[in-house]
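Quick notes on the structure that follows.
The values are calculated or read from the model by the stated rules, or taken from the named source; none is laboratory data. Everything quoted here is computed from the prediction, not taken from an experiment. Heads up, the Cβs are rebuilt from the backbone with ideal geometry, glycines too, and the neighbour counts pull from every protein chain shown. Just the protein is used for accessible areas: all its heavy atoms, side chains included, with ligands, DNA and RNA removed. Shrake-Rupley method; radii C 1.70, N 1.55, O 1.52, S 1.80 Å.
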Amino acid sequence: MDIVVPSQFNGPPHSGNGGWTSGHLAALLPDHDGAASVRLFSPPPLDTPMQVRTDPGSGELTALHGQVKVASARVAPPVGTEDVPGPVRFTEAEAAGDSYAGLVDHPFPTCFSCGIERDPSEALCLRTGVVREGVYAAAWVPREVTPEIVWAAIDCPSGWALGVAGRPVVLGTMTVQVDELPEPGSELVVLAWPISSQGRKHQAGTALLQGDRMLAQARSVWISVDPESVRPIAG
């Protein structure tokens, strides 16, 4: 079995958006009704078939580009809600977009999820800004909804909560629980908050809200990088 990340769903210019790619691989997990965890080992190539192998013992999936291990996915325990900040209104999230740090300093301005050089008709263009101390949010009205797009929507905001503008990072591991897919046209809020930082490794959380109802959430690990170095390894 092969999977492909179309070039529309890039993160850095030459590789796949971490959230979209992770959601695409996780969708292949058998009996996947709860949470899934995906670890990225190498930048996912664009418009290139990646072979997916299944470990018969654990059920873990591995995506390979030739001999290069790109990502692995496994079923995960439910994501807890203890650290999720209180809800943010859609109008608050819209207003927070004015403080989006990516408007003045963006390491990957063509990113499908949060790029400022993308057309909103074919990308998410999320603008994550501060709503209160330690809490960030982005307003989102989806035109199209798939599990992969939901993963992409709750990916990048966690990076911006960690300060991507002054500290470029890429997604390392993403653990996601999608309880309900939103309807296209819904007024949604992507809530994001930093959790911890140690050396090059940083952790953050995100939650997708419709009013007071949580539709999905994620906990992510990000790794500090040189943006120019983020390119797929030849398979």
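Let's see how each residue does on (1) among the aliphatic types (A, V, I, L, M); (2) over 17 Å from the mean Cα position of the chain (by Cα); (3) outside any loop (DSSP other than H, G, I, E, B):
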{"site": "V5", "(1), (2), (3)": "yes, no, no"}
{"site": "T21", "(1), (2), (3)": "no, no, yes"}
{"site": "P30", "(1), (2), (3)": "no, yes, no"}
{"site": "D83", "(1), (2), (3)": "no, yes, no"}
{"site": "T91", "(1), (2), (3)": "no, yes, yes"}
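Could you list, in sequence order, all residues of region 173-207 that are of a type outside the set (S, T, N, Q), in contact (Cβ under 8 Å) with a residue 60 or more places away in the chain and outside any loop (DSSP other than H, G, I, E, B)?
Step one: list which residues in region 173-207 are of a type outside the set (S, T, N, Q), which gives 174, 176, 178-185, 187-195, 199-202, 204-205, 207.
Filter once more, keeping what is in contact (Cβ under 8 Å) with a residue 60 or more places away in the chain: 174, 176, 187-195, 205, 207.
Matches in region 173-207: M174, V176, L188, V189, V190, L191, A192, W193, P194, I195, G205, A207.
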Might you let me know whether region 1-18 holds any residue that is open to solvent by 30 Å² or more (accessible area, probe 1.4 Å), hydrophobic (A, V, I, L, M, F, W, C) and at pLDDT below 95? yes
Please find, within region 7-19, the residue that is farthest from the chain's Cα centre (by Cα) out of those that are part of a helix (DSSP H, G or I) and not polar (S, T, N, Q). F9
Any hit, region 124-132, residues being open to solvent by 30 Å² or more (accessible area, probe 1.4 Å) and polar (S, T, N, Q): no
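Residues are listed down the side, and each one gets a yes or a no for (1) part of a helix (DSSP H, G or I); (2) more than 23 Å from R74 (Cβ to Cβ); (3) open to solvent by less than 40 Å² (accessible area, probe 1.4 Å); (4) at pLDDT below 95:
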site	(1), (2), (3), (4)
F108	no, yes, yes, yes
E144	no, yes, no, no
I149	yes, no, yes, no
P157	yes, yes, yes, no
L171	no, no, yes, yes
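On the basis of being of a type outside the set (G, A, S), surrounded by fewer than 17 Cβ atoms within 10 Å (Cβ to Cβ) and touching a strand residue (DSSP E or B) at 6+ places or on another chain (Cβ under 9 Å), does E180 make the cut? Reasoning before the result, please.
Values: of a type outside the set (G, A, S): yes; surrounded by fewer than 17 Cβ atoms within 10 Å (Cβ to Cβ): yes; touching a strand residue (DSSP E or B) at 6+ places or on another chain (Cβ under 9 Å): yes.
It is true that E180 is of a type outside the set (G, A, S), surrounded by fewer than 17 Cβ atoms within 10 Å (Cβ to Cβ) and touching a strand residue (DSSP E or B) at 6+ places or on another chain (Cβ under 9 Å).
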Identify all residues within region 32-44 that are farther than 15 Å from L171 by Cα and either over 16 Å from the mean Cα position of the chain (by Cα) or open to solvent by 60 Å² or more (accessible area, probe 1.4 Å) (or both); write none if there are none. H32, D33, G34
